[in-house]
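Engineer: Submitted below is the structure of interest, expressed as structure tokens.
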Amino acid sequence: MLHWEELLTFYERSPLIFSQYTFLFVFTIFFAFYLAVFKNITVRNIYLLAFSLFFYYKSGGLYFWMLIFSTFVDYHLANYIFKATTTGRKKLFLVLSLSVNLGLLAFFKYSYFVTDSLNTLLGTDFIAYNFLTGISNVLAGTSYDVTEIILPVGISFYTFQAMSYTLDIYRGHLQPVKNIWDFGFFISFFPHLVAGPIVRAADFIPQVYKPYNVTKEEMGAAVFLIMKGLIKKVLISDYISINLVDRVFDTPQLYSGVENLLAIYGYTLQIYCDFSGYSDMAIGLALLMGFRLGINFNSPYKAANITDFWRRWHISLSSWLRDYLYVSLGGNRKGKWRTKVNLLLTMLIGGLWHGASVKFILWGALHGAALVADKAWTNFSAPFINQKSFVYRALVWLITFNFVAFCWIYFRAADMETVRLMLFQVVNDMSLSAIGERMWAYKHIVSLLILGFGIHWLPDEWKQNWQNMFIRTALPVKAFIIAVVIALLYQVASSEVQPFIYFQF
């Protein structure tokens, strides 16, 4: 049984996440009060801001003060940009804002990587120093370890959201919000706060001032999205992770090439179900409260080529990198070679955004090189290959899917040695005669992979029809379906909390 003290306390090993029953309980209480205040826009926004800060505290602890600091700084610097009368002053305040945002992101995310790289190159013994805990130890008498730098949950997401606000005001595409409370609400809105989608200020801020308006159909769609997200996360992602992926990636040398290959395809499905499941729940929860968030995944493993994949995968990040980084670098306006360089730089930075390590840089470099190669091949082959033929489309889809799956090895592996061991096992310990035996040994995992990929590859119209059928069903039928789903998930849920993969970014 839950106690109020437990609900109000942050537990590092048990953060508040959407797939927990604790969250469902907390959200039910929150939403009951929300229904009492939603008609007053000002009260509604302040209530949502307060709950979002509470949610962030339960997810990331005292780092919610960092969120408040970033909100305060970005709000005021954006106003200074808007009111500045000269281009020079506008640029000055923009540089200050970007420096604060990127400086904090670099400090928390890349301090260890930079110090380790310097020590390797120069033969030094620098140690990363957490100046924030150092200040706390001096001023507040605490005794935190100054060599430990913990990444605040969701810092990459809310930093990019804040930067979109500042950049859009600088470009003249947006006017500032009315007050800091509204800006704080935009930055901290809890459905998308810790793992996206990355919400653009121009898309979200107008909704801050609109009254609640959710149709019966939208309410049904919201519930359907939340259920779909829970099924993806708990039934598919967590089960595959615990029973296959984590074991193999931890010690790949103990498993055969078949098992290593199965784990690679397992992670390919796991990361999609984990991240898109979070996005589904975020979009559904936001819609229940009257806010529309953009789609973040569009069946990415149906992609016809790597360019198409990045139009379908983590759409909010890929479009952010395109509009605020690729275009700023010159996009495709500087000639063919500069376009290729800009693509590579964008994907390298995208890899670094995910993590400060060689494996993420290689992951970004592989995708950047593939994007360049894809554009070159499309232009080269267009005159003599029928790119609309079934055989050609099937072939390029197969190549794209397996290339993406191969790149996920770098994303999931703990280090480059793990990558080497997995590839060694796949190449040198792949016994074709043992495939049937291994598949049978992992029959539950294989069945789940077939089910997950099979549903993913179904026509979009079929899946939309399922959603429409749920929306049209009577309320008692909806309640029965929800009860069955919750009971099923309760039976298969892990006893330990399985955080969403993108919490670490």
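The values are calculated or read from the model by the stated rules, or taken from the named source; none is laboratory data. As the structure is a prediction and not an experimental result, all values here were calculated from the model. In this analysis, Cβ positions are derived from the backbone assuming ideal geometry, glycine residues included, and neighbour counts consider all displayed protein chains.
Engineer: Which one is nearest to the chain's Cα centre (by Cα) among residues in the stretch 348-379 that are aliphatic (A, V, I, L, M) and farther than 24 Å from E417 by Cα?
Structural biologist: Ranking the qualifying residues of the stretch 348-379, first place goes to L371.
Engineer: If you scan the stretch 452-484, which residues turn out to be touching a residue at least 60 places away in the same chain (Cβ under 8 Å) and either under 11 Å from L269 (Cβ atoms) or of a type in the set (D, E) (or both)?
Structural biologist: G452, F453, H456, D460
Engineer: Considering only residues that are of a type in the set (D, E) and in contact with a Gly (Cβ under 7 Å, 6 or more places away or on another chain), which ones fall in the stretch 422-469? Outline the logic, then answer.
Structural biologist: Going residue by residue through the stretch 422-469, those that are of a type in the set (D, E) are 429, 437, 460-461.
Residue satisfying the conditions is D429 alone.
Engineer: With respect to A405, is the statement that it is under 25 Å from G355 (Cα atoms), among the aliphatic types (A, V, I, L, M) and outside any helix (DSSP H, G or I) true?
Structural biologist: no
Engineer: Could you tell me which of the residues I127, I150 is more than 30 Å from L293 (Cα to Cα) and of a type in the set (A, V, I, L, M)?
Structural biologist: Criteria check complete, one pass: I127.
Table: residues versus (1) in contact (Cβ under 8 Å) with a residue 60 or more places away in the chain; (2) of a type in the set (D, E).
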residue	(1), (2)
D280	no, yes
A286	yes, no
F309	yes, no
Y324	yes, no
R333	no, no
W353	yes, no
V358	no, no
W363	no, no
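Engineer: So, I455, is that one at pLDDT 90 or above and more than 24 Å from the chain's Cα centre (by Cα) or not?
Structural biologist: Answer is no for this residue.
Engineer: Would you tally the residues in the stretch 80-105 being surrounded by 14 or more Cβ atoms within 10 Å (Cβ to Cβ) and not charged (D, E, K, R)?
Structural biologist: Qualifying residue count, the stretch 80-105: 14.
Engineer: Another question about this same structure. Specify which of the listed residues (L53, L62, L48, L77) is more than 20 Å from G290 (Cβ to Cβ), of a type outside the set (F, W, Y) and buried (at least 16 other Cβ atoms within 10 Å of the Cβ).
Structural biologist: On the way: L53 fails: more than 20 Å from G290 (Cβ to Cβ); L62 fails: buried (at least 16 other Cβ atoms within 10 Å of the Cβ); L48 fails: more than 20 Å from G290 (Cβ to Cβ).
Checking each option against the conditions leaves just L77.
Engineer: Please indicate, with yes or no, whether at least one residue in the stretch 296-318 is among the aliphatic types (A, V, I, L, M) and farther than 18 Å from A405 by Cα.
Structural biologist: yes
Engineer: Tally the residues that are part of a helix (DSSP H, G or I), small (G, A, S) and surrounded by fewer than 24 Cβ atoms within 10 Å (Cβ to Cβ), restricting the search to the stretch 248-275.
Structural biologist: Total satisfying the criteria: 1.
Engineer: Checking the structure you have, find out if any residue of the stretch 8-15 is outside the structural domain of V194 (by TED's automatic domain parsing), crowded, with 17+ Cβ neighbours inside 10 Å and either on the phi > 0 side of the Ramachandran plot or at pLDDT below 85 (or both).
Structural biologist: Yes, the stretch 8-15 contains at least one residue that is outside the structural domain of V194 (by TED's automatic domain parsing), crowded, with 17+ Cβ neighbours inside 10 Å and either on the phi > 0 side of the Ramachandran plot or at pLDDT below 85 (or both).
Engineer: How many residues does the stretch 164-206 hold that are part of a loop (DSSP other than H, G, I, E, B) and more than 26 Å from F275 (Cβ to Cβ)?
Structural biologist: Qualifying residue count for the region: 9.
Engineer: Can we say G330 is within 26 Å of R200 (Cα to Cα) and either charged (D, E, K, R) or not assigned by TED's automatic domain parsing to the domain that holds I155 (or both)?
Structural biologist: Details: within 26 Å of R200 (Cα to Cα): yes; either charged (D, E, K, R) or not assigned by TED's automatic domain parsing to the domain that holds I155 (or both): yes.
Criteria met by G330.
Engineer: If I filter the stretch 425-472 down to residues being of a type in the set (K, R) and within 23 Å of I226 (Cα to Cα), which single residue comes out as surrounded by the fewest Cβ atoms within 10 Å (Cβ to Cβ)?
Structural biologist: Among them, the one singled out is R472.
Engineer: Only one of these is more than 21 Å from the chain's Cα centre (by Cα), over 16 Å from N79 (Cβ atoms) and surrounded by fewer than 24 Cβ atoms within 10 Å (Cβ to Cβ): I155, I149, I180. Name it.
Structural biologist: Among I155, I149, I180, only I149 is more than 21 Å from the chain's Cα centre (by Cα), over 16 Å from N79 (Cβ atoms) and surrounded by fewer than 24 Cβ atoms within 10 Å (Cβ to Cβ).
Engineer: With the requirement that a residue be in contact (Cβ under 8 Å) with a residue 60 or more places away in the chain and part of a loop (DSSP other than H, G, I, E, B), what does the stretch 413-439 give you?
Structural biologist: Of everything in the stretch 413-439, those that are in contact (Cβ under 8 Å) with a residue 60 or more places away in the chain and part of a loop (DSSP other than H, G, I, E, B) turn out to be A413, A414, D429, M430, S431.
Engineer: Okay, moving on. Yes or no: the stretch 386-393 includes at least one residue that is closer than 25 Å to R312 by Cα, in the same structural domain as W337 (by TED's automatic domain parsing) and either among the acidic types (D, E) or touching a helix residue (DSSP H, G or I) at 6+ places or on another chain (Cβ under 6 Å) (or both).
Structural biologist: No, the conditions are met nowhere in the stretch 386-393.
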